[in-house]
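Colleague: Just dropping this structure here.
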Amino acid sequence: MKILAIRGRNLASLARSFEIDLANGPLAGVGLFAITGPVGAGKSTLLDALCLALFDRTPRLSGRGGVAIGDEASDDGLRSNDPRTVLRRDAAEGHAEVDFTGRDGVRYRSRWSVRRARRRIDGRVQDQEMSLEDLDRAQIVASGRKTEVLAAI
């Protein structure tokens, strides 16, 4: 697998849309690069976006159980290790996308997204959705059920 691009919106410390194009521009020809910046700049969030889009989980949130988060008035039922907690506070929806070339030489786009009910910032966090698209044939390989998408990836 070769990563071609990482994109996302409203994830953790990154409030706006972002894109890192690894296939074109200054990063296209390099084999190794560093992700640097001050605390809170979004370095880990870039890696979270990559992992969420491909695996529906991220290493910094791994572990069993997880502590319930939020207050009693909140009915989200989220735990601290739930990948949906990567959705930025005060955001109604967010997503992570990764374009990559598979072992079969085909270009794919994997997308992970989460939203709040009624797309309102006070809505309950909904289940995350995933999809996998074949970019070369412009067709959806898998979408809807996470297990099907993860198996296809």
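The values are calculated or read from the model by the stated rules, or taken from the named source; none is laboratory data. All values reported here derive from a predicted model rather than from experimental measurement. Heads up, the Cβs are rebuilt from the backbone with ideal geometry, glycines too, and the neighbour counts pull from every protein chain shown. Quick note on the areas: whole protein, heavy atoms, side chains included, nothing else; ligands and nucleic acids left out. Shrake-Rupley method; radii C 1.70, N 1.55, O 1.52, S 1.80 Å.
Colleague: Give, as residue ranges, the strands (runs of 3 or more DSSP E) completely inside region 83-138 that count at least 2 residues that are open to solvent by 50 Å² or more (accessible area, probe 1.4 Å) and in contact (Cβ under 8 Å) with a residue 40 or more places away in the chain. Before the answer, list the steps.
Modeller: Details: elements: 93-101, 107-115, 129-134.
Once the strands (runs of 3 or more DSSP E) in region 83-138 are filtered for at least 2 residues that are open to solvent by 50 Å² or more (accessible area, probe 1.4 Å) and in contact (Cβ under 8 Å) with a residue 40 or more places away in the chain, what remains is 107-115.
Colleague: Further question on the same structure: Among the residues of region 1-47, what is the count of those that are in contact (Cβ under 8 Å) with a residue 40 or more places away in the chain and of a type outside the set (Gly, Ala, Ser)?
Modeller: 12
Colleague: Here is a list of conditions, (1) modelled with pLDDT of 90 or more; (2) outside any helix (DSSP H, G or I), and Gly65 meets all of them except one; can you say which number that is?
Modeller: Here Gly65 clears every test but (1).
Colleague: Can you tell me which residues in region 35-66 are more than 22 Å from Leu150 (Cα to Cα) and open to solvent by 80 Å² or more (accessible area, probe 1.4 Å)?
Modeller: Hits for region 35-66 are Thr36, Pro38, Val39.
Colleague: If only one of Ile153, Ile121 is closer than 16 Å to Val98 by Cα and at pLDDT below 95, which one is it? Spell out the reasoning first.
Modeller: Details: Ile121 fails: closer than 16 Å to Val98 by Cα.
After ruling out the rest, the residue left standing is Ile153.
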